[in-house]
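Structure, as structure tokens:
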Amino acid sequence: MTLLFIGTTEILIIAAVALLLFGGKKIPELMKGMGKGVKSFKEGMNEPLDEEPPAQESPKETTTENGEIAETEKSVKI
């Protein structure tokens, strides 16, 4: 199957069409954006999916009329 292989001639034709469509100044910007996209994709693939930081509970404190600290409710910090 020769349809799956791209030769030098086909690459040159694709490059010429891209140059005509986008212009010489726009192509480096497009390649830079593609590079950033590939880099962030690779970083995302290397990160584990189940890693979430554990939730930490901290009591919400209020003071009573006697000046004592009373624990009223707990909030969860994420």
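Here the label points at Ser40 and Ile11, each 7 Å from Cα along the C-beta direction, are separated by 2.9 nm in the simple model.
Each other residue within a Cβ distance under 13 Å of Gly35 adds +1 if Lys or Arg and -1 if Asp or Glu, for a net charge of +2.
Bear in mind that the values in this text are calculations on the coordinates, not laboratory data. What you see is a predicted model, and the numbers here were worked out from it, not measured in a lab. Note that we place each Cβ from the backbone using ideal geometry, even for glycine, and neighbour counts take in every protein chain shown.
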